[in-house]
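The values are calculated or read from the model by the stated rules, or taken from the named source; none is laboratory data. Here the structure is a predicted model, which means the values were calculated and not measured. We place every Cβ from the backbone using ideal geometry, glycine too, and count neighbours over all the protein chains shown. Just the protein is used for accessible areas: all its heavy atoms, side chains included, with ligands, DNA and RNA removed. Shrake-Rupley method; radii C 1.70, N 1.55, O 1.52, S 1.80 Å.
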Amino acid sequence: MAEPQVPDAKACVIVIFGGSGDLTRRKVVPALYGLAHEGLLPDHTVVLGFGRTDFTDEAYRRHLRESVADFSRVSPFDEGAWRGLADRVFYQRGEYGDAASVQALHRRVEELDARFGVGGGRMIYLAIPPQLTPGLLEAMDGVGLIRRRLREQETEAGYIRVVMEKPFGVDLASARSLNVALEQKLEESQIFRMDHYLAKETVQNIIVLRFANAIFEPIWNYRHVKRVRVTVAETIGVENRAHYFDNTGALRDVMQNHVLQLLSLFTMEPPASLSPDSIRDEKAKLLRCLRPAQGEDLACSIVRGQYGPGTIGGSAVPGYREEGGVPPDSATETFVALRTYIDNWRWAGVPFYLTTGKRLAERTTEIAIEFREVPHVLFGAMRDVQLETNLLRIRVQPDEGVSLRICTKVPGLRMEIRAAEMDFPYGSVFSAASPEAYERLLLDVMGGNATLFARRDEIELAWLFVEPILAHWATEPPPAFPDYSAGSWGPIHGDDFFREDVCYARVPLRGLTADGDDSEQ
Ligand code: BG6
């Protein structure tokens, strides 16, 4: 039997721009430590953080150690794995736009490569605001820290791969110019655009569920599917990212990337193979068929919201406008819900309901596919019988799993029918803990596998979809914000939302309630 596939990762110097930032200490370094703990981090890998803060190498390691202990999934703390990694962690202070800083950085990279026998591999990790990227690419290219390199050239010279964190632009034009800047210096195969949702275990399982089982594909279409909903609901607010979030909003922050990526994997055509480009070709094809809102739909099929004060987990939390760093009159949306369609043969006429929001009643990311009613209701004549439709739910997080709602007879002498759940919970079926998304992604970069990264066309197509909404909002005065209580399900949900025949602009929105609204989603 063939071995299960583990990416063939090769050592490199990982240069992290934004090395003193939040993402590095919360996600990137804990993931490297997680890989070291699993014995999956290639020997000779070296990490070099770059940022404006002043750190010595030792102070930098101490700073990271605290975060690793706080944010890593590895528990108890594996001192051996940390020491092994920390001995190869370094820091360089500098300015992003300054050629001399980048030159000095390059020298340090070469020196570390020689000292630790890395072998020429480079991972350039850009955890910085996107507007800094073009200048930095220019400077790196100028000193030779990056070079255009075809796949065939990598074996001898080592690879050079650039990882881009989101946000990938703020609109279509800025995403395009970022892509142009990248492609002037690098091959597409050297560019890894992060969307950490793609590396979540349950998201990877979508492909397996759909294409390794015979029963789903035949019914995965408009003939059998009534509607689909994709929900990314969070209980957290903006935390310490007010500046970023207030200039971004929920549509750009989560809908344009995570939600559309989930949607495209779930609805794409079967790919020709599992190669990165086969899968990305299908996702891009799907995104091309998403119907952009226009005319009346801009008001009728989209709702934006912003949370006011409320209660989460029994504790009072402030409204968005009262969060530190948020302007008291901010018009930024923290919630967006929309109804759309995929204009292709498979999904003709099936409504898709997409929602994302912060400070909602529960943290849940889920895709739910609801099947059509049975064609002939044999049980229709029975009193009190209302058959529920079949509902397949993919719970991405937390409580990862898959469940199917079926109708079943209640045991007893009378014919009574009730809905029951067939449930597959990851946690109790498999004992192994799921790796963090960032662990998988970093390993894939070191192995040169871009399947779980977004390609240029996907990013631009996703912007093409959200752009009319952004343009519409820019001309329309924002609704009376705040319009939902923290701890509720947002200004619209449930029956009001999952209907094809309503114009959301005419549905009375739920508004603020005294202490949230914990009714069922
Ligand atoms: C990020 C967004 O991309 O995803 C955040 O910028 C959001 O605002 C986060 O909170 C959600 O990720 P996860 O993995 O916690 O669901």
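What the table shows:
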| item | result |
| --- | --- |
| Test for Val28: is it surrounded by 21 or more Cβ atoms within 10 Å (Cβ to Cβ) and more than 19 Å from Val445 (Cα to Cα) | no |
| Residues satisfying the stated conditions in region 31-79, i.e. of a type in the set (Phe, Trp, Tyr) and open to solvent by less than 10 Å² (accessible area, probe 1.4 Å) | Tyr33, Phe50, Tyr60 |
| Checklist (1) open to solvent by 40 Å² or more (accessible area, probe 1.4 Å); (2) part of a loop (DSSP other than H, G, I, E, B); (3) within 27 Å of Ile236 (Cβ to Cβ) applied to Glu500, failing item | (3) |
| Failed item, numbered, when Leu442 is tested on (1) closer than 30 Å to Glu282 by Cβ; (2) surrounded by fewer than 16 Cβ atoms within 10 Å (Cβ to Cβ); (3) touching a strand residue (DSSP E or B) at 6+ places or on another chain (Cβ under 9 Å) | (2) |
| Those residues of region 271-291 which are of a type outside the set (A, V, I, L, M, F, W, C) and open to solvent by less than 60 Å² (accessible area, probe 1.4 Å), in sequence order | Pro271, Ser273, Ser275, Pro276, Ser278, Arg280, Glu282, Lys283 |
| Residues of region 276-319 that turn out to be in a helix (DSSP H, G or I), more than 23 Å from Glu500 (Cβ to Cβ) and among the hydrophobic types (A, V, I, L, M, F, W, C), as a count | 2 |
| Filtered residue count, region 163-198, keeping only those that are more than 16 Å from the ligand (Cβ to nearest atom) and open to solvent by 20 Å² or more (accessible area, probe 1.4 Å) | 12 |
| Qualifying residue in region 445-453 (condition: buried (at least 18 other Cβ atoms within 10 Å of the Cβ) and either of a type in the set (Asp, Glu) or over 30 Å from Arg288 (Cβ atoms) (or both)) | yes |
| Subset of region 83-138 (residues that are part of a helix (DSSP H, G or I), open to solvent by less than 20 Å² (accessible area, probe 1.4 Å) and hydrophobic (A, V, I, L, M, F, W, C)) | Leu85, Ala86, Val102, Leu105, Val109, Leu112, Leu136, Leu137 |
| Subset tally (residues that are part of a strand (DSSP E or B), away from the ligand (no atom under 16 Å from the Cβ) and not aliphatic (A, V, I, L, M)) for region 211-247 | 3 |
